[in-house]
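**Q** Before I ask anything, here is the structure I am working with.
The values are calculated or read from the model by the stated rules, or taken from the named source; none is laboratory data. Since we're looking at a predicted model, the values are computed, not measured. A quick note on method: Cβ atoms are made from the backbone with ideal geometry, for glycine too, and the neighbour counts reach across all protein chains shown.
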Amino acid sequence: MNTVGYTDEILAELKRTTALINVEEAEKAVDSILRAKKIFVAGGGRSGFMAKAFVMRMMHVGLDAYVVGETVTPNLEPDDIFIVGSGSGETQSLAAMAKKAKSIGATIVAITINKESTIGKLADFRVEIPAQAKGDGTTGKSIQPMGSLFEQSLLIFYDAIILRFMDKKGLKSDVMYGRHANLE
């Protein structure tokens with residue numbers, strides 16, 4: 001298969017995967033973001049990069065959002081939400097953060113392949129992205145290596161949350177430019 005053929009297959013995998021996301025779970029995640037005072041997002045590895053992209057867009061639409069672990073991230077409080085993107089739902093550092101967030105009383109949203117994982121069980125809301133797990137190349141869900149399908153689906157899902165938020169708030173894309181970086 002050539003490069004463009006792989007692109008087509010990746011897009012087909014993404015369409016199949018995102019079509020299986022539960023609409024009610026997704027809406028609960030959006031509604032919990034709307035109710036939150038501050039929004040904290042975490043993920044490990046490539047899922048962490050997706051978290052950063054998501055937080056950037058939330059900032060662009062005027063939400064008070066932070067990437068966990070950055071030096072400018074404030075403290076988590078009970079009226080806040082902690083969103084964890086983790087394919088396995090078992091990443092120890094993220095599970096420890098979820099336990100801490102639970103003890104503080106914040107709302108926890110897990111976006112994961114495995115809703116019955118440690119992080120999934122700690123979460124108040126769970127959104128399952130039924131992609132291939134990082135160590136599972138035998139399911140036939142993806143031609144891609146490791147957790148690529150989950151990570152790509154996670155970014156698309158995060159962007160869909162932004163669009164849904166904009167729809168609920170009546171926002172247009174032009175509002176985002178007023179908050180875009182201007183020291184570039």
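**Q** Surrounded by 19 or more Cβ atoms within 10 Å (Cβ to Cβ), in contact with a Lys or Arg (Cβ under 7 Å, 6 or more places away or on another chain) and under 17 Å from Phe157 (Cβ atoms): which single residue out of Gly43, Gly87 fits that description?
**A** Matching residue, one of Gly43, Gly87: Gly87.
**Q** Tally time: how many residues in region 66-108 are of a type in the set (D, E, K, R) and within 13 Å of Leu122 (Cβ to Cβ)?
**A** Total meeting the criteria: 4.
**Q** Okay, moving on. Please list, ordered by residue number, the helices (runs of 4 or more DSSP H) wholly in region 93-184 having 2 or more residues that are buried (at least 17 other Cβ atoms within 10 Å of the Cβ).
**A** Because the criterion is at least 2 residues that are buried (at least 17 other Cβ atoms within 10 Å of the Cβ), the helices (runs of 4 or more DSSP H) in region 93-184 that meet it are 118-122, 148-169.
**Q** Would you say Glu25 is crowded, with 18+ Cβ neighbours inside 10 Å and among the charged types (D, E, K, R)?
**A** no
**Q** Within region 11-21, does at least one residue satisfy the condition of being of a type in the set (Lys, Arg), loosely packed, with under 14 Cβ neighbours inside 10 Å and either at positive phi or modelled with pLDDT of 95 or more (or both)?
**A** Yes: one or more hits.
**Q** Now, a different point. Please go through (1) of a type in the set (A, V, I, L, M, F, W, C); (2) under 24 Å from Leu14 (Cα atoms); (3) under 13 Å from the mean Cα position of the chain (by Cα) for Ile108 and return the number of the only condition it doesn't satisfy.
**A** (2)
**Q** Going through Ile129, Ile104 one at a time, which residue ends up being out of contact with any Cys (no Cβ under 7 Å at 6 or more places or on another chain), without any contact (Cβ under 8 Å) to a residue 60 or more places away in the chain and of a type outside the set (Lys, Arg)?
**A** Ile104
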